[in-house]
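Participant: Here it is: the structure, laid out below.
The values are calculated or read from the model by the stated rules, or taken from the named source; none is laboratory data. None of the values given here were measured: they were computed from a predicted structure. With ideal geometry, Cβ positions are generated from the backbone for all residues, glycine too; neighbour counts draw on all protein chains shown.
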Amino acid sequence: MTVRITVKEVGPRDERTLEVRRVTTDSHKRLTAHSATKLLRREFPELPAIVSASKSVSVKGEFFAMHSVRPSEKCRFHYFWRQYYLTEC
């Protein structure tokens, strides 16, 4: 199975794509939240341990995970977020 991982950084006013990565796995089963989480942790070891993938409500067959990266410069209540989107190719 081939999975496309899109990494985006979303701030209070902007959004930018950091990386798009294609990963091939040995499994031929469908992508699930559990397998998406394992794949994310294997590909991005710097990911916090508390992060896990969830099924997307807006797009069928897509899974996503996110975590905060840092607070914004002007307000400590607004954060920059790193978002990971996983889809089967």
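Participant: Quick one: which residue in Thr32, Thr87 is in contact with a Lys or Arg (Cβ under 9 Å, 6 or more places away or on another chain) and surrounded by 15 or more Cβ atoms within 10 Å (Cβ to Cβ)?
Facilitator: Answer to the check: Thr87.
Participant: Moving to a separate point now. If we scan region 58-78, do we find a residue that is of a type in the set (Phe, Trp, Tyr), in contact with a strand residue (DSSP E or B) (Cβ under 8 Å, 6 or more places away or on another chain) and either at pLDDT below 90 or within 13 Å of Glu9 (Cβ to Cβ) (or both)?
Facilitator: yes
Participant: Picking from Glu62, Glu73, Glu15, which residue would you name as being under 12 Å from the mean Cα position of the chain (by Cα), among the acidic types (Asp, Glu) and surrounded by 10 or more Cβ atoms within 10 Å (Cβ to Cβ)?
Facilitator: Glu62
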